[in-house]
């Protein structure tokens, strides 16, 4: 007997419905029709069934700290960094963990079961590392949390970050991070990229750098990151996050850069909500859009995924950890409103994110762990347009979140109308 049978499911990029059989926490069969006994059956009613959403870039240690110790009135990246520096002395393991666990609940309700979170190691106490390692352990049954050792104050700029990063890795952090554009000079930024990539090569780890999160077209640490990736044989294991300086670079230089990134199999993470909010703050008009060249990167065969980055913290005052909202903003900023472009944008928060994080066994495929989301939408386009309700969130074949369909009822005189906003 099956543990769960999902009937009449519509998978992304498929026109026909199918049935999905789940046994022992794994997908056992996916076929047009499955006639089998199951302990539980869910009729998806032709709605979209997706693998869980992947947040490829987040900061769980600072999340939900909005207003502590004050609000970022300028809205700039640098004031956010300064605010976080003011807050750090007052942090405790308990406060970080409490906020992070609340965020995990929000993420699960939104169907996001995979998160890569950068964790600040510039606090010598490594409180955030301790807290998020415990959150990772505590929530492992419900979501996958991958942690990046992030030297927020600069790997070389803050003297203790070398030893702090080594300690964080020894404690169990998964990925090596960096922030070369925040080092004192361009030369030190390049040196930090070299040192961190060599460390990753020595330890057999992935790399994810906050790279060129700037409006400065001459912030070109991505070029160094590409070079070190090839030199050290790290192809496919290195991510450049943000890359917002690419929105200011001239097209000739980018035409050289894109093939180099493709050769190195660099993964790219854009953060539409934050990039469009923080970048271009020094512009009057014309005003730059802020996000990296997502459309051009995808056309060049480079894997691009998206991150929420922040929720109610020193950098961003909004958010509920909704990856469909992230993709919705992304397709607007990137002007990707064509049918195939919107489908590609949906991939940036699902299969592309899984590739960025190096996940194994991801996707609605027989033999994989049975993780999925049933959305109140019939197409990928509708899911993005409506930021559709997550009717069921399923982890290892078990329903871990359920939402009633969103269906406003109009009372217009003697007539009543139920509205689902779908044609």
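Every number here is computed from the coordinates shown, using simple stated rules; none is lab data. Every value quoted in this text rests on a predicted model; they were computed, and no experiment measured them. Neighbour counts run over all protein chains shown; Cβ positions are idealised from the backbone, glycine included.
Under the classification rounded if a/c is under 1.5, otherwise prolate if a/b is larger than b/c and oblate if not, where does the range 276-361 fall, given a ≥ b ≥ c as square roots of the Cα gyration tensor eigenvalues? In terms of gyration-tensor shape, oblate.
Taking the longest Cα principal axis of the chain as reference, the axis of helix 251-263 is set at about 70 degrees. For the chain, the antiparallel share of DSSP beta bridges with both residues in that region comes to about 40%. Based on every Cα atom in the range 186-249, Rg and the maximum pairwise Cα distance Dmax equal 11.4, 35 Å.
Given their separation in residues at 0.36 nm each and the Cα-Cα distance between them, residue 1 and residue 141 gain 48.1 nm when the chain is fully extended.
Just to confirm the number: angle between the C-alpha axis of helix 323-333 and the first principal axis of the chain, 0 to 90 degrees, nearest 10? Orientation of helix 323-333: about 70 degrees from the principal axis. As a proxy for reagent exposure, ranking 14, 104 by other Cβ atoms within 10 Å from fewest up yields 14, 104. Net length available on complete extension from residue 419 to residue 15 is 143.1 nm, with 0.36 nm assigned per residue and the Cα-Cα distance removed.
Taking the radius of gyration and the Kirkwood hydrodynamic radius from Cα positions alone, what is the Rg/Rh ratio for the range 1-144, to two decimal places?
1.15
When peptides 120-126, 93-99, 243-249, 67-73 are ranked by their average number of other Cβ atoms within 10 Å per residue, the highest-first order is 243-249, 120-126, 93-99, 67-73.
Using only Cα atoms and rounding to the nearest 10 degrees, what angle (0 to 90) does helix 221-231 make with the longest principal axis of the chain? Result, in degrees: 80. Each principal axis of the Cα cloud of the chain was evaluated for its coordinate range; sorted largest first, these ranges are 66, 47, 44 Å. Shown for 118, 328: other C-beta atoms within 10 Å of each C-beta, ranked fewest to most, produce the order 328, 118. Put simply, the convex hull of the Cα atoms in the range 291-423 casts, on average, a shadow of 11.1 nm². As a proxy for reagent exposure, 102, 92, 229 were ordered by neighbouring Cβ count within 10 angstrom, fewest first; the result is 92, 102, 229.
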